[in-house]
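Data first, discussion second: the structure below is written as structure tokens.
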Amino acid sequence: MNTPALPRILTIAGTDPTGGAGVQADIKSIQAAGGFSYSVVTSLVAQNTTGVQEIFTPPIDFLRTQLRSITDDVAIDAIKIGMLGTTEIIEVVREFLTTHARDCKVVLDPVMVASSSDRLLTREAEEALRELASLADVITPNLPELAVLAGVDPAENFDAAIAQAQGLAHTLGTTVIVKGGHLTGERADNAVVTADSVHHVPVTRVETKNTHGTGCSFSSALATRLGAGFDTPAATEWASRWLHEAIAHADALAVGHGRGPVDHGHVGRRMQRAADCNPEHFLLIDAGPTPPLAKPAGPHTQALWDASAPYLTAIMELPFIRTLGDGTLDHADFMFYLEQDAYYLTKYARSLRALGGAWASDADAAIADEQEMQRTWLADLGRETLPSPVTRAYTDFLLASTLGESAAIGQAAVLPCYWLYYEVGARLAERNHDAHPYRDWLATYAGDGFHEAVRGAIERCEATLAANPDALDAAVRACAVASRYELDFFDQADRAWVVRDA
């Protein structure tokens, strides 16, 4: 048999007719995480965003038939187990795991209590579920479920939850994912907990009531990444980040009157938009005037700023820039960005030298300072820096503009890397402090030295265009194209994590 194109994931769970939880959410999550989903239904649940109205459990023999249909025909790489409901169902699933799933990764989401506080498992079945948990590679309880499985009161803080999880992991011989979503505060961190280790996964809390189905969705994404061959820490980091984005955009779905579902498809749609190759969609429509902090030197550079302004608005709204400013940016994302910027600056310096004069002096002075900052960050990288497609396209455009076009067009093309960088750095500077993890970056691009270089670049562009007014339209377009590349350059780290290490 050929190697499968996608990991094949079986979900065993109940239903949700409104699509936010259960098998319906599992299928969406498996697909979003890069898998192909099978599904076996344990219970038909009449529920919506306001709660559970009724549960119908089909005959137990039909559950066996569903499972037999799977094993008679298709291969399985990982299994996610969700709502089981009764002791009889748990026993059938236990038999299935011991007979047919010895080589599969198994993730158990021990569904006992919904987010709405509705009981989804009979108390008589709790002990059977504990025994089933010992067959799983990973279990993903919420904090109330963790307490039930551990036989203790619910943890009131993250450290207490980890302690409970370590005891449970030791008892069951499995890995426990601690999920901090039920706690309060700015953090909603997760942790991969074994009997003798803890791997911390930082997660920023999203203020929303729309978290219906988060447990189902997380465990399904986790199972998919495990089925694809990732270890548990890496799979947990991916699933945590994907779910965070799904929660962050949940409100926009406007589904239901209670606790609405998360947006399982947001990452996929964002990646689809990033892959848009329609040239008519490349440049942004004017988003309205945005006054720059570094002022134009005259009408020509005002026209250039008008071409750049929509991109500044878009850049400031990027998750990469928002989290860079508040210090919560994922370290791997920042390192990806720095690595690309290190490559970019070598080509940018060549472009500036091609323009000559003060531009060449900037290449030898200001850029040297930036590269020194990068060398500090990238000292332990231990590999050659290769350009991404975005970085390559941007640097090729700059080299073509400065080596093959007039001075007016070449100068307009390099200007956004001065102007937009300063505008971003200056706007983020007020968030800088001594303990900020990216304080050096913020200080560099908001500093007086860089501001002076930006002022000089603006004035030189103004003088060149004043002497060559017929080149203004082409210069404005070159500035707009470079500004669009700046947007994509900042945004690319927030795309890279989706397939990082795949």
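The values are calculated or read from the model by the stated rules, or taken from the named source; none is laboratory data. Predicted model only: the values in this text are computed from it and were never measured. Don't worry about glycine lacking a Cβ; one is built from the backbone with ideal geometry, like all the others, and counts go over all protein chains shown. For accessibility, only protein heavy atoms count, side chains too; no ligands or nucleic acids. Shrake-Rupley method; radii C 1.70, N 1.55, O 1.52, S 1.80 Å.
Residues are listed down the side, and each one gets a yes or a no for (1) without any contact (Cβ under 8 Å) to a residue 60 or more places away in the chain; (2) β-branched (V, I, T); (3) in contact with a His (Cβ under 9 Å, 6 or more places away or on another chain):
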site: G22; (1), (2), (3): no, no, no
site: V41; (1), (2), (3): yes, yes, no
site: A46; (1), (2), (3): yes, no, no
site: G51; (1), (2), (3): no, no, no
site: I60; (1), (2), (3): yes, yes, no
site: V74; (1), (2), (3): no, yes, no
site: K80; (1), (2), (3): no, no, no
site: T87; (1), (2), (3): yes, yes, no
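Selection over the stretch 55-77 of residues that are farther than 13 Å from I12 by Cα and not in a helix (DSSP H, G or I) gives a count of 10. Filtering D434, D488 for residues that are open to solvent by 10 Å² or more (accessible area, probe 1.4 Å), closer than 30 Å to R225 by Cβ, acidic (D, E) and assigned by the TED database to the domain that holds F282 leaves a single hit, D488.
Residue-by-condition table, conditions (1) surrounded by fewer than 19 Cβ atoms within 10 Å (Cβ to Cβ); (2) touching a residue at least 40 places away in the same chain (Cβ under 8 Å); (3) under 23 Å from N210 (Cβ atoms):
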| site | (1), (2), (3) |
| --- | --- |
| S240 | no, yes, yes |
| A248 | yes, yes, yes |
| D251 | yes, yes, yes |
| R259 | no, yes, yes |
| H264 | no, yes, yes |
| A274 | yes, yes, no |
| C277 | yes, no, no |
| E280 | yes, no, no |
| L284 | yes, yes, no |
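Scanning the stretch 180-201 for residues that are assigned to a loop (DSSP other than H, G, I, E, B) and surrounded by 16 or more Cβ atoms within 10 Å (Cβ to Cβ) returns L183, A188, D189, T194, A195. Among the residues of the stretch 472-480, is any out of contact with any strand residue (DSSP E or B) (no Cβ under 8 Å at 6 or more places or on another chain) and closer than 18 Å to G356 by Cβ? Yes: the stretch 472-480 contains one or more residues that are out of contact with any strand residue (DSSP E or B) (no Cβ under 8 Å at 6 or more places or on another chain) and closer than 18 Å to G356 by Cβ.
Looking only at residues in the stretch 460-485 that are within 34 Å of the chain's Cα centre (by Cα) and not β-branched (V, I, T), the one that is most open to solvent (accessible area, probe 1.4 Å) is R477. Among the residues of the stretch 154-179, those identified as over 21 Å from E131 (Cα atoms) and either open to solvent by 40 Å² or more (accessible area, probe 1.4 Å) or touching a Lys or Arg at 6+ places or on another chain (Cβ under 8 Å) (or both) are E156, N157, F158, D159.
Looking only at the stretch 5-15, residues that are open to solvent by less than 10 Å² (accessible area, probe 1.4 Å) and hydrophobic (A, V, I, L, M, F, W, C) come to 4 in all. In the stretch 207-228 there is at least one residue matching the filter, namely being within 24 Å of G34 (Cα to Cα), in contact (Cβ under 8 Å) with a residue 24 or more places away in the chain, open to solvent by 50 Å² or more (accessible area, probe 1.4 Å) and out of contact with any helix residue (DSSP H, G or I) (no Cβ under 7 Å at 6 or more places or on another chain).
Per-residue answers, yes or no, for (1) open to solvent by 30 Å² or more (accessible area, probe 1.4 Å); (2) closer than 15 Å to I81 by Cα; (3) among the basic types (K, R); (4) not assigned by the TED database to the domain that holds H212:
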site: P17; (1), (2), (3), (4): yes, no, no, no
site: Q24; (1), (2), (3), (4): yes, yes, no, no
site: T50; (1), (2), (3), (4): yes, no, no, no
site: L67; (1), (2), (3), (4): no, yes, no, no
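Each residue in the stretch 71-103 was checked for being more than 25 Å from E124 (Cα to Cα) and open to solvent by 20 Å² or more (accessible area, probe 1.4 Å), and 10 of them qualify. The set of residues from the stretch 85-113 being closer than 20 Å to A150 by Cα and in a loop (DSSP other than H, G, I, E, B) comprises G85, T86, D109, P110, V111, M112.
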